[in-house]
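> First, the structure itself, so that you have it in front of you.
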Amino acid sequence: MSLRINDVVPDFSAETDLGAINFHEWIGDSWAILFSHPKDFTPVCTTEFGAVAQLSAEWTKRNTKVIGVSVDGVEDHKKWKTDIEQVAGAKAGFPIIADESLQVSKLFDMLPAEAYLPDGRTPADSATVRAVFIIGPDKQLKLSMTYPMNVGRNFAEVLRALDGLQTAAKNGVATPANWVVGEDVIIPPTVSNEDATAKFGDFETVLPYLRKTSLK
């Protein structure tokens, strides 16, 4: 069964290049982003890890911890970070899980249960290990994305989605297409006009079921 929105994500213990973790304990009271890759020392993934490193201050501003997962070992992760930091021009201070047993990949339904890593494997053997999971402080899955190997992820979109999730959770609203912080939000249809006025003040009725307001 694949993970669904609002499911509590699996807890696990694992080794990372920065030491051993227990996942739920590591998340603590923060938001968390788990992003996965099929193999160390691969071109697209190196640029993606670099993008995550460059956004370090943005993750911190949003009380969000980021953690990578790749099916190679700790020593490979440590060596790979040198390349990542060279490409990014930024320190990669986040941990990378060493998922050599495929435990995490299977727990998060990124690989079938019968998957294994053959000798002399290529990234294609773990190709489906390429996903993003945004997790709330309640340890529930809030959003997931899966990409093919040949298209780099847009971490500006991951950041935008995180902003939307945090804004919705804090204010009891929804966000429209292409929304960014500072733009109008949507009042849920379950909120009456009277309650909307009391909570938000002025709002715009675009359609009977589409009402917008500002959080400024």
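> Looking at THR42, THR64, ALA20, which one has the Cα that reaches farthest to the positive end of the dipole of region 1-105 (charges on Cβ: Lys, Arg +1; Asp, Glu -1)?
About the Cα centre, the residue reaching furthest to the positive side is THR64.
> Any of LYS106/LYS212; LYS142/LYS216; LYS91/LYS139; LYS79/LYS170; LYS142/LYS212; LYS78/LYS170 with alpha carbons more than 32 Å apart? Name them for me. Please report the intermediate quantities before stating the final value.
Values: LYS106/LYS212 41 Å; LYS142/LYS216 25 Å; LYS91/LYS139 27 Å; LYS79/LYS170 40 Å; LYS142/LYS212 23 Å; LYS78/LYS170 37 Å.
Among LYS106/LYS212; LYS142/LYS216; LYS91/LYS139; LYS79/LYS170; LYS142/LYS212; LYS78/LYS170, the Cα-Cα distance tops 32 Å for LYS106/LYS212; LYS79/LYS170; LYS78/LYS170.
> So which residue, out of ALA174, ALA156, ALA57, gets the largest mean-square fluctuation from a GNM of the chain using Cα contacts under 10 Å as springs?
Among ALA174, ALA156, ALA57, the largest mean-square fluctuation in the Gaussian network model of the chain belongs to ALA57.
> Looking at the chain, send over the antiparallel percent of its DSSP beta bridges, to the nearest 5. Spell out each step's value before the answer.
Numbers: 22 of 32 bridges.
Of those bridges, close to 70 percent are antiparallel.
> Quick check: from the Cα gyration tensor, does region 51-97 come out rounded (a/c under 1.5), prolate or oblate? Could you put the intermediate results ahead of the total?
Values: a/c = 3.12, a/b = 1.44, b/c = 2.17.
Oblate shape, in that a/c is at least 1.5 and b/c is the bigger or equal ratio.
> May I pose another question? What residues from region 74-94 fall in the zone where the backbone N is under 18 Å from a label point 7 Å along the Cα-to-C-beta line of GLU100?
The answer is 74-81, whose backbone nitrogens lie closer than 18 Å to the label point.
> Then there is this: Under 14 Å from the Cβ of GLY28, count the other residues' Cβ atoms, weight Lys and Arg +1, Asp and Glu -1, and hand me the total.
Values: positive: LYS65, LYS139; negative: ASP11, GLU25, ASP29, ASP138.
Residues near GLY28 contribute -2 overall.
> Taking the Cα-to-Cβ direction at ASN171 and at PHE12 and moving 7 Å from each Cα, how far apart do the two end points lie in nm?
With each label point 7 Å from Cα toward Cβ, the separation is 3.6 nm.
> Apply the Karplus parameterisation 6.51 cos²θ - 1.76 cosθ + 1.60, with θ equal to phi minus 60°, to every residue of region 80-97 and state each ³J(HN,Hα) to the nearest whole Hz, in sequence, with x for glycine and proline.
Those phi angles translate into 5, 4, 4, 5, 4, 5, 5, 5, 7, x, 8, 6, 8, x, 8, x, 10, 6 Hz.
> Computing the accessible area with a 1.4 Å probe over protein heavy atoms, can you report the carbon and sulfur percentage for the chain?
Working: 5630 of 10860 Å².
C and S atoms contribute 52 percent here.
> Per residue, how big is the convex hull around the C-alpha atoms of the chain? Give it to me in cubic angstrom, could you? The partial results should precede the final answer.
Details: hull volume 28.6 nm³, N = 216.
In the chain, the Cα hull volume divided by residue count equals 133 Å³.
> Which distance in nm do the two modelled labels at ASP83 and ALA20 give, with both placed 7 Å along the Cα-to-Cβ direction?
Between ASP83 and ALA20, the label points sit 2.9 nm apart.
> Which loop trypsin sites (Lys or Arg not before Pro) in region 53-106, with loop taken from DSSP, have no more than 14 other Cβ atoms within 10 angstrom of their Cβ? Mind showing how you got there, number by number?
Numbers: sites: LYS61, ARG62, LYS65, LYS78, LYS79, LYS81, LYS91, LYS106; in loops: ARG62, LYS91.
Loop-located and lightly packed - LYS91.
> Just subtract the alpha-carbon distance of PHE41 and ALA198 from 0.36 nm times their residue separation and send over the number in nm, one decimal.
Details: separation 157, 0.36 × 157 = 56.52 nm, distance 5.46 nm.
Extra length available between PHE41 and ALA198 comes to 51.1 nm.
> Starting from the Cα gyration tensor of region 1-89, take the square roots of the eigenvalues, sort them a ≥ b ≥ c, and report rounded, prolate or oblate (rounded when a/c is under 1.5, otherwise prolate if a/b is larger than b/c, else oblate).
Verdict is prolate for region 1-89.
> Per-residue ellipticity at 222 nm for the chain, helices alone: DSSP H runs ≥ 4 residues times -39500 (n - 2.57), over residue total, nearest 500 deg cm²/dmol? Write out the running numbers ahead of the final one.
On the way: 7 runs with 68 residues, N = 216.
Mean residue ellipticity at 222 nm (helix-derived): -9000 deg cm²/dmol.
> With an 8 Å Cα cut-off and a minimum separation of 6 or more residues, compute the relative contact order for the chain in percent.
Values: 357 pairs, mean separation 46.4, N = 216.
Once divided by the residue count of the chain, the mean separation gives 21 percent.
> What chymotrypsin sites (Phe, Trp or Tyr not before Pro) in region 22-71 are in a loop by DSSP, with at most 16 other Cβ atoms within 10 Å of the Cβ?
Filter output for region 22-71: PHE41.
> Determine the shape class of region 1-40: with a ≥ b ≥ c the square roots of the Cα gyration tensor eigenvalues, call it rounded for a/c under 1.5, and otherwise prolate if a/b is greater than b/c, oblate otherwise. Show your work: numbers first, answer last.
Details: a/c = 1.89, a/b = 1.21, b/c = 1.56.
In terms of gyration-tensor shape, oblate.
> Right, next: Under a cut-off of 13 Å between alpha-carbon atoms, report the aspartates and glutamates in cross-link reach of LYS61, not counting same-chain residues fewer than 8 places apart.
ASP163
> Give, as a single signed number, the net charge of other residues whose beta carbon lies under 15 Å from the beta carbon of ALA131, with Lys and Arg counted +1 and Asp and Glu -1. Display every interim value, and only then the final one.
Working: positive: ARG4, LYS39, LYS106, ARG130, LYS142, ARG153; negative: ASP7, GLU48, ASP99, ASP109, GLU157.
Once all neighbours under 15 Å are counted, the net charge is +1.
The values are calculated or read from the model by the stated rules, or taken from the named source; none is laboratory data. Every value quoted in this text rests on a predicted model; they were computed, and no experiment measured them. We place every Cβ from the backbone using ideal geometry, glycine too, and count neighbours over all the protein chains shown. Just the protein is used for accessible areas: all its heavy atoms, side chains included, with ligands, DNA and RNA removed. Shrake-Rupley method; radii C 1.70, N 1.55, O 1.52, S 1.80 Å.
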